[in-house]
1. Restricting attention to strands (runs of 3 or more DSSP E) lying wholly within the range 36-79, give those where 2 or more residues are at pLDDT 95 or above, in contact with a helix residue (DSSP H, G or I) (Cβ under 9 Å, 6 or more places away or on another chain) and over 21 Å from Lys106 (Cα atoms).
2. Collect the residues in the range 157-168 that are more than 19 Å from the chain's Cα centre (by Cα) and of a type outside the set (A, V, I, L, M), keeping them in residue-number order.
3. Among Asn9, Asn55, Asn35, which is the only one that is in contact with a strand residue (DSSP E or B) (Cβ under 8 Å, 6 or more places away or on another chain) and over 21 Å from Leu183 (Cβ atoms)?
4. Could you list, in sequence order, the residues of the range 18-35 that are without any contact (Cβ under 8 Å) to a residue 24 or more places away in the chain and either closer than 22 Å to Phe132 by Cβ or in a helix (DSSP H, G or I) (or both)?
5. What tally of residues in the range 57-86 results from selecting those that are in contact (Cβ under 8 Å) with a residue 60 or more places away in the chain, of a type in the set (S, T, N, Q) and buried (at least 24 other Cβ atoms within 10 Å of the Cβ)?
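The values are calculated or read from the model by the stated rules, or taken from the named source; none is laboratory data. What you see is a predicted model, and the numbers here were worked out from it, not measured in a lab. Glycine also receives a Cβ, built like all others from the backbone with ideal geometry; neighbour counts cover every protein chain displayed.
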Amino acid sequence: MFGQIDYLNLLPFHIFMKKNYSYYTTKKSYPAKINKMFEKKIVDAAFISSIKSKNKLCLDAGIIANKKVLSVLICSGQNKEDNESNTSNILAKVLNKKGEIIIGDKALKKFYETNNCQDLATLWYRKYKLPFVFARFCINKNVIQYKKMITQFLAQKIYIPNYILNKYSKKTNISKKEIKNYLKLISYKISYKEKKSLKKFLKLSDKLS
């Protein structure tokens, strides 16, 4: 069973799965819930929050933003964490930023509607000149099968059909153009810079405790 984060940032992966691995059973939820399911081994594999990936068996794939992401925001107002998040809540603390944290599709929608929020990936890039790794693909079992899947996914350029864009635009109240522009900001291959960034983030997060 595969744990599926039900956000736009993984839409290309969801399309890839439906086309190539439709026989896999999936459990959909938000990141913090997926993390708990992975920890309890309810799911065999998932993109889990970077902060929860320490000492886990993870591949060189994740949810990555370079310079900006638009869907992980800290907004003016009272200090409030997003209960759907783990990594982003810690990232705000690492960057010493106060305010309300909002992640996912609701954050992307808010980004296009207001100007009182800051992009946490942008703040990280300004400080360290590195991309930010929000999640990693980690495995509990069936390692060989999932390695094959991820290798195949990273080697492909995923085309998103118009009818799927229409569906998600209606679901999220975000225009098709905005969805396509947003997905240009997201990458999935963890290489040298991403590993360096991840190491720095985990080291800084350890200092908070």
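1. On the way: elements: 45-49, 58-65, 72-75.
Fully inside the range 36-79 and qualifying: 45-49, 58-65.
2. Passing the criteria: Tyr159, Pro161, Asn162, Tyr163, Asn166, Lys167.
3. On the way: Asn9 fails: over 21 Å from Leu183 (Cβ atoms); Asn55 fails: in contact with a strand residue (DSSP E or B) (Cβ under 8 Å, 6 or more places away or on another chain).
Just one listed residue meets the conditions, Asn35.
4. Residues of the range 18-35 without any contact (Cβ under 8 Å) to a residue 24 or more places away in the chain: 18-19, 22-24.
Listed by number, the residues that qualify are Lys18, Lys19.
5. Initial filter on the range 57-86 (in contact (Cβ under 8 Å) with a residue 60 or more places away in the chain): 57-72.
Next, only the ones that are of a type in the set (S, T, N, Q) stay: 66, 71.
Subset that is buried (at least 24 other Cβ atoms within 10 Å of the Cβ): 71.
Within the range 57-86, residues that are in contact (Cβ under 8 Å) with a residue 60 or more places away in the chain, of a type in the set (S, T, N, Q) and buried (at least 24 other Cβ atoms within 10 Å of the Cβ) number 1.
For (1) in contact with a Cys (Cβ under 7 Å, 6 or more places away or on another chain); (2) over 30 Å from Thr25 (Cα atoms); (3) of a type in the set (Gly, Ala, Ser); (4) in contact (Cβ under 8 Å) with a residue 60 or more places away in the chain, each residue gets a yes or a no:
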| site | (1), (2), (3), (4) |
| --- | --- |
| Leu95 | no, yes, no, no |
| Leu108 | no, no, no, yes |
| Tyr112 | no, yes, no, yes |
| Asn115 | no, yes, no, no |
| Leu120 | no, yes, no, no |
| Lys129 | no, yes, no, no |
| Ala135 | no, no, yes, yes |
| Lys141 | no, no, no, yes |
